[in-house]
1. Please compute the per residue accessible area over the range B:92-159 with all protein chains in place, 1.4 Å probe, rounded to a whole number of Å².
2. Once you have the alpha carbon radius of gyration of the range B:1-99, what is it after dividing by 2.2 N^0.38 Å, with N set to its residue count?
3. With a 1.4 Å probe, what is the total accessible area buried between chains A and B, in Å² rounded to the nearest 100?
4. Normalising by the residue count of the range A:152-311, find the relative contact order in percent from Cα pairs under 8 Å and 6+ residues apart.
5. Quick one: which residues, 5+ away or cross-chain, put their amide H under 5 Å from the amide H of B:Val102? H built at 1.01 Å from N.
6. Averaging over every viewing direction, what projected area does the convex hull of the Cα atoms of the range A:102-214 cover, in nm²?
7. How are the Cα pair distances of chain B distributed, in percent, across 5 Å bins from 0?
8. Quick one: compute the contact order of chain A, relative version, from alpha carbon pairs under 8 angstrom and 6+ residues apart, as a percent.
Amino acid sequence: MISHDILIVGGGLAGLSAALSSSSGLDVAVISRVHPLRSHSIAAQGGINAALANNPKGQDDTWEKHAFDTIKGSDYLADQDAAELMCQKAIPTIYELEHMGAPFSRLPGGLIAQRPFGGAGFPRTCYAADRTGHVLVHTLFEQSLRKNVKFYNEWLVAELAVENGTCRGVTIFDLATGEVFPVKARAVIFATGGYGRVYLRTTNAFINHGSGIGIAYRAGVPLKDMEFVQFHPTSLFPNNILMTEAARGEGGYLLNNLGKRFMADYAPSAMELAPRDIVARAIQTEISRGNGFANEYVLLDLTHLGAAKIIKRLPAIREICMRFVGIDPVVTPIPIQPAQHYSMGGIDVDILGASCLAGFFAAGECACVSVHGANRLGGNSLLDTIVFGKIAGEAASDFVKGLDREGRGERPLLDGTKKLKEKIGALQKKDSGIKTHHFLNRLKLIMSEKVGVFRTQKDLAEALDGIRQVREDLKDVYLSSPNLRFCQEAVNVLEFEYMLDLAEVITLGALNREETRGSHYRLDFPERDDKGWLKHTLVACQDGKPQISYKDVKLGKHKPQARLY
Amino acid sequence: MKYTFKIFRFDPVQDGRPCFQDYPYESREKRTILEALMDIRNEQDATLSFRYSCREAVCGSCGMVINGRPELACRTMVDSLDSPFIILEPLPNMEIQKDLVVDMEPFWKALGDVHPYLIGEGKPPEKEHRIEDKEMVKIERFTNCILCACCYAACPVVTRDARYVGPIALAKLYRFVQDPRDARSFADWAKVNTETGIWGCDTIFACNEACPKDVQPGHGIEALRRKFVIERLKKMLRLRK
């Protein structure tokens with residue numbers, strides 16, 4: 001049986017960061033469903049926040065101000081100690097990335113350039129044009145080559161093996177061979193990313209099914225604050241490719257069909273650079289009022305920025321627009337609409353990335369520490385992945401070093417493998433049925449129509465019924481492909497039940513939370529209710545059913561106040 | 001618009017020889033080859049294998065030969081090909097694992113062999129290195145590379161000699177030796193002074209043509225050659241003194 005001290009699942013920024021920080025004396029491996037450079041982190045565009053105070057307009061910036069902006073942006077649902085830790089660590093983190101070779105854009109004089117971003121008091125977003133995620137993933141991957149990190153690519157983790165409240169390893173479905181086998185580990189770190197593809201409209205990669213979060217949930221780890229789903233204000237119409245917030249940071253306008261900069265009506269002082277939840281709602285409102293185009297989109301206008309600035313600062317955006325919709329943003333405004341973008345919620349972990357399951361850690365988008373609370377600020381997700389990936393790698397190393405040397409049980413691993421083989425066998429044995437993608441399409445429609453930017457009791461209750469109906473109908477699912485080698489259908493069927501779990505947990509949390517906070521907007525409860533709801537939602541899986549409970553937010557020096565921009 | 005997708009099919013584990021399989025496909029406007037492939041897989045044939053991830057031409061997963069050209073399936077519009085026949089083949093110069101999926105290990109190994117990472121000086125500065133933007137711009141083209149292997153697949157030298165490291169490995173090496181922060185010695189990187197390194201290139205620049213991100217790896221190879229010759233000359237002149 002393959003065995004490692006630490007197994008990191010996911011080769012995006014959080015996973016690579018954990019791999020690089022894990023103790024060099026330990027036997028560490030990274031498992032990824034795709035080659036690490038294909039991870040969704042590469043799609044991040046605009047930048048990464050740190051109060052370096054490099055920009056002449058940002059010289060009074062401090063990490064404390066960054067923490068305040070993060071906490072206010074979170075609608076006070078972030079744990080303030082965690083947000084402070086992240087913002088404090090941001091500064092040395094950027095320097096470390098720079099020393100590793102990250103090709104950041106520069107200011108005259110040679111300092112790392114910083115641009116304004118939404119909800120931030122100062123220009124503090126460090127960037128490499130609009131390819132920041134891409135260059136950071138490549139930089140960390142390069143350094144992991146240098147350090148000879150062991151990678152297992154195109155392995156899908158299908159389950160966690162648990163015994164006596166301790167994580168023993170994972171069950172693998174090998175995409176290349178279609179084989180199922182266990183991998184033993186003394187500690188497992190999940191860095192499996194988000195679940196965007198539970199929604200019809202999402203900026204996320206096709207691979208973002210979120211099964212990692214679902215696997216943790218099924219293994220008994222609670223999920224936290226899952227009802228907080230970020231909708232990015234500006235995704236390209238109609239295919240929902242991300243149009244970075246940096247487009248507005250660099251001075252882009254949002255225009256409705258009257259040619260008006262409508263943000264004046266919603267966030268008169270921050271305008272286009274209000275936090276994402278506010279801008280996404282504003283756009284959605286304009287479209288529903290008939291102020292959009294084709295009842296689908298509004299415009300992101302960069303034309304006044306001039307060709308030079310667009311080509312220098314936003315080249316990838318321009319390339320995408322030209323290639324995918326045939327317009328040049330230098331001369332034509334970009335059609336945009338909100339789309340699912342990020343999960344504030346995730347696997348419930350503490351400030352070290354540790355969960356309630358001994359030996360099981362999580363970091364990055366799949367985890368919820370929580371630093372983003374009810375709404376994440378742009379530029380804070382890359383930061384989260386690298387800071388908390390690193391912390392999780394160190395914490396898992398400490399955990400493993402503290403274990404005694406006795407052999408670990410292989411029973412749950414062997415059982416898990418046997419069960420999964422039987423499951424796949426049974427799905428293949430059926431000669432007819434319904435293919436997974438039909439169920440997936442039904443689920444996506446429900447989530448996009450009823451658990452979107454604006455929510456109501458009625459919609460959410462209907463969504464919950466719909467999700468449960470899909471689950472019931474799933475008895476008819478079958479695997480049409482007789483060949484499991486590089487078989488995406490098999491991957492989809494293995495992940496789909498986890499996607500149903502996530503949809504159910506998101507919707508249940510949203511239905512229960514009778515208030516409006518950050519990204520969670522209830523038309524029937526449009527006010528924030530700190531008395532009743534300044535608390536984290538926890539949903540645990542008990543006997544296959546979601547059990548909901550709540551946990552206090554760790555407040556600090558910032559008392560909740562009205563969130564005006 | 002109605003199309004016929006002729007897709008290369010081969011599973012080395014169970015098939016004696018490869019074949020092309022026809023799939024009829026009715027495309028809506030602005031449908032990409034990748035979306036079409038997913039539709040065909042979902043609706044017609046779940047055994048069809050291909051790689052993908054980001055669908056926005058930044059992850060480098062979906063390189064394949066589309067009507068004769070190495071391209072990314074995600075950024076190629078079905079209707080841009082001006083043909084009712086869409087022929088899809090795996091990237092050449094690598095072994096076929098299944099259908100459009102190739103074994104990229106030789107590509108990754110060639111890349112790894114040039115040490116494609118920043119080797120900084122012992123103790124880094126307290127803050128960032130001070131580097132003017134114009135220095136970063138010099139390497140920007142190469143940091144834009146998504147390592148999709150289209151250049152490796154298009155390179156006739158790789159076809160002829162599997163030991164040749166290929167275009168992007170050399171261009172990436174140039175990206176690092178040109179980086180003011182990199183401290184590797186000339187002796188270290190001059191290991192590519194071989195027929196399977198910088199002198200392997202035929203300078204026909206099929207790589208530049210094939211690159212979907214305008215990285216132009218061939219120019220990186222030429223720049224690396226120039227840098228090598230100049231460093232060599234400098235060394236000789238120093239010895240003369």
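1. Values: 3060 Å² over 68 residues.
Roughly 45 Å² per residue, with all protein chains present.
2. Working: Rg = 12.8 Å, N = 99, 2.2 N^0.38 = 12.6 Å.
With N residues counted in the range B:1-99, Rg over 2.2 N^0.38 Å equals 1.01.
3. On the way: alone 20920 and 13550 Å², together 29250 Å².
Summing both sides, the interface buries roughly 5200 Å².
4. Values: 221 pairs, mean separation 23.0, N = 160.
Relative contact order for the range A:152-311 comes out at 14 percent.
5. So B:Val102 has HN proximity to B:Gln97.
6. On the way: hull surface 45.0 nm².
Mean shadow area of the hull around the Cα atoms is 11.3 nm².
7. Bin by bin from 0 Å, the calculated values are 1, 6, 12, 15, 16, 13, 11, 9, 6, 5, 3, 2, 1, 0, 0.
8. Working: 1345 pairs, mean separation 122.4, N = 565.
Computed over chain A, the figure is 22 percent.
The values are calculated or read from the model by the stated rules, or taken from the named source; none is laboratory data. Quick caveat, the model's predicted, so the values are computed rather than measured. Note that we place each Cβ from the backbone using ideal geometry, even for glycine, and neighbour counts take in every protein chain shown. Accessible surface areas use protein heavy atoms only, side chains included; no ligands, DNA or RNA. Shrake-Rupley method; radii C 1.70, N 1.55, O 1.52, S 1.80 Å.
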